[in-house]
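Trainee: Would you mind keeping the following structure in view while I ask a few things?
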Amino acid sequence: MSDARNMNDRDRILDAIRGARARIPEPCAYPDYPSGVATSAARLPRGTDPVALFRRRLEEAGGRCFSEAEELAMALREERARSGYCDPALLGRLSALTQAGLDLQGEFLRERVDDYAFSITSAHAGIAETGSLVLTDRATSRRLAAVATWIPVAVLDRGSIVASLADGIETLPNDPNVVYVTGSSCTADVEGILIRGAHGPAEQFCLLVDA
């Protein structure tokens, strides 16, 4: 336990959680999850390619999907997003972005979060049924970077796209944090006017790659 005299409110809460968790010898097992209970047949037409369906659903949710790094570079330039964070493990395969004049920074500083126009991190999986991206601490170099910049870019292996939400849950690793992202941040007022970026990213980009 930490010294309570030198702790702020956030530290006290986290310290209390850690203390409570330490008293539990083994966590409870995950409950059985029937795979077909929450799957929408209408959103999963038979014979549909999961990659193509994921792309369509993501775009229906306001996201943008790219198959080539050159396409992504062009889209970022169109958005005037010239400088951002990139997971150092991805820098080697995204040379097209630096060749296009974009500044990829391999270090993400929390106190400078507003200075990054975009961020590029890896996603754990994609869900074709909803067009959702699954982000985990294990796959994502910086969770804050993956969800807090104006234009988050998720790099997703095509082989990691599954058909349904139930399938996505079955692929989850033993990870302390899992985030499902479906499109950009949106809100609407009483007149039905949709506003993007009010509570988070205004865009959600996804770059599909082969492992």
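Trainee: About the Cα centre of segment 57-122, how large is the charge dipole given +1 on each Lys and Arg Cβ and -1 on each Asp and Glu Cβ? Please answer in debye to the nearest 20. Please report the intermediate quantities before stating the final value.
Mentor: Numbers: 8 positive and 13 negative charges, 11 e Å.
With Lys and Arg at +1 and Asp and Glu at -1, about 60 debye.
Trainee: Would you calculate, for the chain, the mean residue ellipticity at 222 nm contributed by helices, counting each DSSP H stretch of 4 or more residues as -39,500 (n - 2.57) and dividing by all residues, to the nearest 500?
Mentor: Rounded to the nearest 500, it is -7000 deg cm²/dmol.
Trainee: Given +1 on the Cβ of Lys and Arg, -1 on the Cβ of Asp and Glu, and no further charges, what dipole in debye does segment 90-211 carry about its Cα centre, rounded to the nearest 20?
Mentor: 220
Trainee: Could you tell me which residue out of SER83, ALA145, PHE54 lies farthest along the dipole of the chain toward its positive end? Charges go on the beta carbon: Lys and Arg +1, Asp and Glu -1, centred on the Cα centre.
Mentor: In the chain, that residue is ALA145.
Trainee: Could you check how many percent of all C-alpha pairs in the chain are farther apart than 30 Å?
Mentor: Working: 7049 of 22155 pairs.
Everything past 30 Å amounts to 32 percent.
Trainee: Here's something else I'd like to know. Identify which of PHE66, PHE118, PHE54 has the largest mean-square fluctuation in a Gaussian network model of the chain, with springs joining Cα atoms closer than 10 Å.
Mentor: Highest fluctuation of the listed residues: PHE66.
Trainee: Then there's this: Which loop-located GluC sites (Glu not before Pro) does segment 103-194 contain, where loop means any DSSP state but H, G, I, E or B and the Cβ has at most 10 other Cβ atoms within 10 Å?
Mentor: GLU107, GLU191
Trainee: So, with +1 on the Cβ of K and R and -1 on the Cβ of D and E, and no other charges, what is the size of the charge dipole of the chain about its Cα centre, to the nearest 20 debye?
Mentor: Here the size comes out at about 240 debye.
Trainee: Sort 80-89, 147-156 by packing, meaning the average of other beta carbons within 10 Å per residue, with the highest value first.
Mentor: Per-residue mean Cβ counts within 10 Å order the peptides as 147-156, 80-89.
Trainee: Can you tell me what share of the DSSP beta bridges in the chain is antiparallel? A percent to the nearest 5 is fine. Present the calculation step by step, with values, prior to reporting the outcome.
Mentor: Working: 10 of 31 bridges.
Taking every DSSP beta bridge within the chain, about 30 percent pair in antiparallel fashion.
Trainee: Would you mind getting me the FRET efficiency between ASP9 and SER83? Use the beta-carbon distance for r and R0 = 35 Å, nearest 0.05. All intermediate terms of the calculation are to be shown ahead of the outcome.
Mentor: Details: r = 34 Å, r/R0 = 0.96.
Once the sixth-power term is evaluated, E becomes 0.55.
We did not get these values from a lab; they are worked out from the coordinates using the rules stated. Predicted model only: the values in this text are computed from it and were never measured. For neighbour counting, all protein chains shown are included, and Cβ atoms are generated from backbone atoms with ideal geometry for every residue, glycine included.
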